[in-house]
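Undergrad: Starting off with a structure, shown below.
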Amino acid sequence: MRVLLGTVLGLPLALMLCGLMAAIVPVDWRQWLVLYLLLSVVLWSALIMLAALPATHGRTAVWLVATNGAAWILLQTTGLYGAAA
Amino acid sequence: MKAETLRKHIDLHGWLGMLAGLALFVAFFAGALNMFHEELHHWQEPYVAESGGGEGDLQALLDQVLAVTPEAAKLMYLVPGDDPVALWQDANQEWRFDHASDFSAAGERVKTPRSELAEFINELHYKLALPVVGLYLMGIISVLYGAALIGGLVIHWPKMKKEFFALRHQGNLRRYWKNLHNLVGVISFPFHAIFAITGAAMGCFALLALVAGTLVFGPQLQGAITEATEAWPTPRASGEMVEMAGVAAYVAAARAELPDLRVDWIEVQQYGDRNAVVDVAGSVPGWIAHHAHVVLAGDNARTLTVSSPGNRPFNHAALSPVYSLHFGDYGGLLVRGLYFVLGLLGCLLFFSGNVMWAERRTDRQGPNRSAIIMLRVTLGVTFGVMAGLAVSCIANKVVSHSPWAGAVAWSEKGSFLAVLLLTLLLALRAAPLAMCRWGLRGCIALYALVPVVQGGLEGFASWSEPHIYLVNIALWAVAASLAAVEWLRVRRLRRAGPHPLWESAPPAPTGEAGLVRS
């Protein structure tokens, strides 16, 4: 169950965390998009592993939902989404 | 690290490995054979002694395909070889292909049924031969595999040095499997890390793009992906028909830009139109990221752009090793041979991982229905896939040389499925120890037999043909590897009794009374 939670909720979290990094790094994300996707895959795998460490399913779900929410809110403070579209 | 945390990591590593292990076994075994994909394409066809082996005429193929299928001008790939292939999309966006030999002297398409063995092995490798969902499933499996690898690294990093020398015959059989699993895992870790990341990136690409586009970058992502992954934007037809420069001119222009270029394929778009674009794609030897593209205008073969090692955007430079490291096509036969061996060792890793999970669960919880089912399914799938592919190879040769040659593709896939299901059924009924013994011996015999059947039907002189020789050697190498495993198994059983799980009766219909302890 924790692995399932990690797999489902770890994907958006990994992409958003790497997106936050893309917002911080002073190089246009388009220039290293492939690396961004590869880093996201590695982070996704690591998050699945981390998601299985809490003692209960509930705790896993809570911290994954909370970090997803926090990452999404932080992303709104960047000019990443739709910028220069 | 705290003992409790370590225990959690070990449990997680076991669960993830167990979830992904069987699919990875299939992918790795088919992938090991797929290292000789091009050679398998030749092996699968009936041997013709007088074959010249020269390059076929790509221009003639292009013209013939366009003459009978004008819509193929929109997008077509030409793959050189002694019997070159054209791949194109029909009006329903379905991929079709034609060999040069599919056309008569009058230019008519006269399709003859062909073997699909090499393609079937490839499909087993990257999508378990499952339509639609297979690729995505393998992508997710690769991500879980990556998580299991990270867990394995956390568990083994502190004692890495010791585990290089840990394959000792001490204690019970489980300790032996554990040591073998650790040794193989530690030695081949970098190789597995490459596969987990590149496999997940390829399998989950659409999913990653969808979620990243929705949550992170918005609609601008699609254009950025196109720019990051394609050598040249897709051209639109102008509607004005002009004369094309021709394949020979494209290849000459590409070689003028990159003298060392080995042409792997030629992509033509809007052929015959003023806006036609031709991408001569191939490899520049001496680089891991060896892929290169020379994009030319279709009408006069003038160079539009060149993307080659040391001369391309960062995205292209990052994408090229994703493919080359995964496919092992950057270092000639030596690297392919290494990937083949590491692929077979990977199979041993996943098999031993599943066995350890089942034994560990039995040790912790006592006689256990899920453990015995897992062990039996593992034996059934692993031996079923191995035996199935060997029988598929035999079916290819026997049916190709029979009056029913038209059913060769059907016979390859049908025999694989029949053997897989039969072996799975057998594994669920027979005692695991006996299943292991007879499964191993049966697979050894089958893989030793395939080259003999091929030689017997097509003449043993065919063994001197390089591609047939290489595939036969690979098949015998599989037989030799399985013989080594059988030798280890027999030697181990002489020194220590098997885990009770291996001598268990078939699982009871309900409850947990499926084990009979010896």
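Undergrad: Quick one: pull the percent of accessible area on the range A:2-76 belonging to carbon and sulfur, 1.4 Å probe, ligands and nucleic acids left out. Show your work: numbers first, answer last.
TA: Details: 2530 of 3210 Å².
After summing per-atom areas, the C and S share lands at 79 percent.
Undergrad: Quick one: net charge around B:LEU446, please, counting Lys, Arg +1 and Asp, Glu -1 for every other residue with C-beta under 14 Å from its C-beta. Numbers along the way, then the final one.
TA: On the way: positive: B:LYS397, B:ARG441; negative: B:GLU486.
Taking every other residue near B:LEU446 into account, the sum is +1.
Undergrad: Just to be sure I follow: if Rg is taken over the C-alpha atoms of the range B:4-49 and Rh is the Kirkwood radius over the same atoms, what is Rg/Rh?
TA: On the way: Rg = 18.9 Å, Rh = 13.5 Å.
Value, to two decimals: 1.40.
Undergrad: Between B:SER370 and B:GLN222, what length comes free when the chain is fully extended (0.36 nm per residue of separation minus the Cα-Cα distance, one decimal in nm)? Write down the numbers at each step before the final one.
TA: On the way: separation 148, 0.36 × 148 = 53.28 nm, distance 4.50 nm.
Going from the current span to full extension adds 48.8 nm.
Undergrad: Skipping prolines and chain starts, which residues have an amide H placed within reach, meaning under 5 Å, of the one on B:PHE103, given they are 5 or more residues away or on another chain?
TA: The list, which skips near neighbours in sequence, is B:VAL110.
Undergrad: Assign unit charges at the C-beta atoms only (+1 for Lys and Arg, -1 for Asp and Glu), then state the dipole size of the protein assembly as shown relative to its Cα centre in Debye, rounded to the nearest 20. If you can, show how the numbers build up before the last one.
TA: Working: 42 positive and 42 negative charges, 872 e Å.
Rounded to the nearest 20 debye, it is 4180 debye.
Undergrad: Taking 26 Å as the cut-off for C-alpha to C-alpha distance, list the pairs among B:LYS127/B:LYS159; B:LYS74/B:LYS111; B:LYS8/B:LYS159; B:LYS8/B:LYS178; B:LYS111/B:LYS413; B:LYS127/B:LYS413 that go past it.
TA: On the way: B:LYS127/B:LYS159 35 Å; B:LYS74/B:LYS111 22 Å; B:LYS8/B:LYS159 17 Å; B:LYS8/B:LYS178 17 Å; B:LYS111/B:LYS413 20 Å; B:LYS127/B:LYS413 15 Å.
Beyond 26 Å between Cα atoms: B:LYS127/B:LYS159.
Undergrad: Moving on. I'd like to check one number: the per residue accessible area of the range B:102-157, probe 1.4 Å, reported in Å² as a whole number. Numbers along the way, then the final one.
TA: Values: 2510 Å² over 56 residues.
Result: 45 Å² of accessible area for each residue.
Undergrad: Also, I was wondering about something else. Over the whole of B:13-24, what's the average partner chain Cβ count within 10 Å per residue? Rounded to a whole number, please.
TA: Partner Cβ neighbours, averaged per residue: 1.
Undergrad: Further, regarding this structure: So how compact is chain B: Cα radius of gyration and Dmax in angstrom?
TA: When restricted to Cα atoms, chain B yields Rg and Dmax of 25.5, 82 Å.
Undergrad: Relative to the compact-globule scaling 2.2 N^0.38 Å, provide the ratio for the alpha-carbon radius of gyration of the protein assembly as shown. Walk me through the numbers before you get to the answer.
TA: Values: Rg = 26.3 Å, N = 603, 2.2 N^0.38 = 25.1 Å.
Dividing the Cα radius of gyration by 2.2 N^0.38 Å gives 1.05.
Undergrad: Show me, for the range A:51-65, the HN-Hα J-couplings you get by feeding each phi into the Karplus relation (A = 6.51, B = -1.76, C = 1.60, θ = phi - 60°), rounded to Hz, glycine and proline as x.
TA: 5, 8, 7, x, 5, 10, 4, x, 4, 4, 4, 5, 6, 6, 5
Undergrad: So, one more: At a 1.4 Å probe, which residues in the range B:314-344 are at least 20 Å² less accessible with all protein chains present than in their chain isolated?
TA: Residues meeting the cut-off: B:PHE314, B:ASN315, B:ALA318, B:VAL322.
Undergrad: I've got another one for you. Apply the Karplus curve 6.51 cos²θ - 1.76 cosθ + 1.60, θ = phi - 60°, to the phi angles in the range A:22-34 and return the couplings in whole Hz, x for Gly and Pro.
TA: Computed from phi, the couplings for the range A:22-34 are 4, 6, 7, 4, x, 10, 3, 4, 4, 6, 10, 4, 5 Hz.
Undergrad: Could you pull out every residue, at least 5 positions away or on a different chain, whose amide H is within less than 5 Å of the one on B:VAL85? Hs are placed 1.01 Å off N in the peptide plane, and Pro or chain starts have none.
TA: Distant-sequence amide H within range of B:VAL85: B:VAL79.
Undergrad: Label A:GLN76 and B:VAL242 with points 7 Å out from Cα along Cα→Cβ: what is the distance between them in nm?
TA: 5.2
Undergrad: Give the span of the range B:58-113's Cα atoms along each principal axis, as three whole-Å numbers ordered largest to smallest.
TA: 27, 22, 21
Undergrad: To continue, here is another question. If you take the accessible area of B alone plus A alone and subtract the pair, what total do you get in square angstrom, rounded to 100, with a 1.4 Å probe? Can you show the working numbers first?
TA: Details: alone 24910 and 5520 Å², together 27220 Å².
Heavy-atom accessible area buried at this interface is about 3200 Å².
Undergrad: Separate question: Please compute the Cα-Cα pair-distance distribution of chain A with 5 Å bins starting at 0, giving whole percents from short to long.
TA: Spelled out bin by bin, chain A gives 3, 15, 24, 22, 17, 11, 6, 3, 0 percent.
The values are calculated or read from the model by the stated rules, or taken from the named source; none is laboratory data. All of these numbers come straight from a predicted model, not from anything done at the bench. Please note: Cβ atoms are built from the backbone with ideal geometry, for glycine as well, and neighbour counts cover all protein chains shown. For accessibility, only protein heavy atoms count, side chains too; no ligands or nucleic acids. Shrake-Rupley method; radii C 1.70, N 1.55, O 1.52, S 1.80 Å.
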